[in-house]
Amino acid sequence: MQIIRRTDDGDGTMSLASIAMSYASPTSPFPAVRSASLAVVAGATWVLAVTLVATQADTDPVGAAYDDANRVVTLAVALLAASAVVAWRDHRGRARLAAVAGTALMLLGSALEFVLLPLLGGRPDAMATREGGETSALSSVGFGVFVVGSVVLLAACVALAVALRGRTIVDRILVALTGPAVAAGTVLWAVSPAPAALAACIAAAGWWRTVAD
């Protein structure tokens, strides 16, 4: 941020252009604040979403609010993707770009199954099974894309942990566990809300360390 001096009275002023540049500069405090804030909101929303789905997915058939809970997951993944984009913009790097790709694929998969499919008059496979209706190929595609995104995110977090040589070992381990914790939450929500929520909390804490700095 540049400070300029006025020649007429000697008072110090800050140019609007300099302020604007400070918001765009990776070295200014403003991008870091935005990235950290997004990471916290995304992590909190992820914990809420996973816990909600776990209250619906731990029975056979799934609960009546299964679709609605998964739409909260779509929102949470959108926030994860947004914070990943901000982190990549501020810090660059292949691992961060891979995190963008992973979260984007997860968002696409979730949106296909729980947003687009209902708009087209279909039902996700789990709800179709619950109600005795026909399953949809689009539901299976969405689920597959979501899984692929989860795997890409897992690899990205491990790669980023290896690249962050300036961090403490504890910090790097937390970053490395972020991707596995995200995947674990989506697996454990079919088991019980408690372990799913625990995995989601680990993922949220790790995500903050992954994208905030």
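The values are calculated or read from the model by the stated rules, or taken from the named source; none is laboratory data. Only a predicted model underlies this, so the values are computations on that prediction, with no experimental measurement involved. No Cβ is skipped: glycine too gets one built from the backbone with ideal geometry, and neighbour counts run over all protein chains shown.
Just give me the residues in segment 182-200 being farther than 14 Å from Thr55 by Cβ, among the hydrophobic types (A, V, I, L, M, F, W, C) and in contact (Cβ under 8 Å) with a residue 60 or more places away in the chain, in sequence order.
Keep residues of segment 182-200 that are farther than 14 Å from Thr55 by Cβ, which gives 182-184, 186-187, 198-199.
Then keep just the ones that are among the hydrophobic types (A, V, I, L, M, F, W, C); that gives 182-184, 187, 198-199.
Across segment 182-200, the qualifying residues are Val182, Ala199.
Would you pick out the residues in segment 172-181 that are closer than 20 Å to Ala44 by Cβ and either without any contact (Cβ under 8 Å) to a residue 40 or more places away in the chain or in a loop (DSSP other than H, G, I, E, B) (or both)? Steps first, answer last, please.
First, the residues of segment 172-181 that are closer than 20 Å to Ala44 by Cβ: 174-175, 177-181.
Selection gives Leu174, Val175, Leu177, Thr178, Pro180, Ala181.
Give me the pairs, please: first residue somewhere in segment 143-168 and modelled with pLDDT of 90 or more, second residue anywhere and exposed (fewer than 15 other Cβ atoms within 10 Å of the Cβ) and part of a helix (DSSP H, G or I), beta-carbon distance under 6 Å, and either six or more positions apart or on two chains.
none
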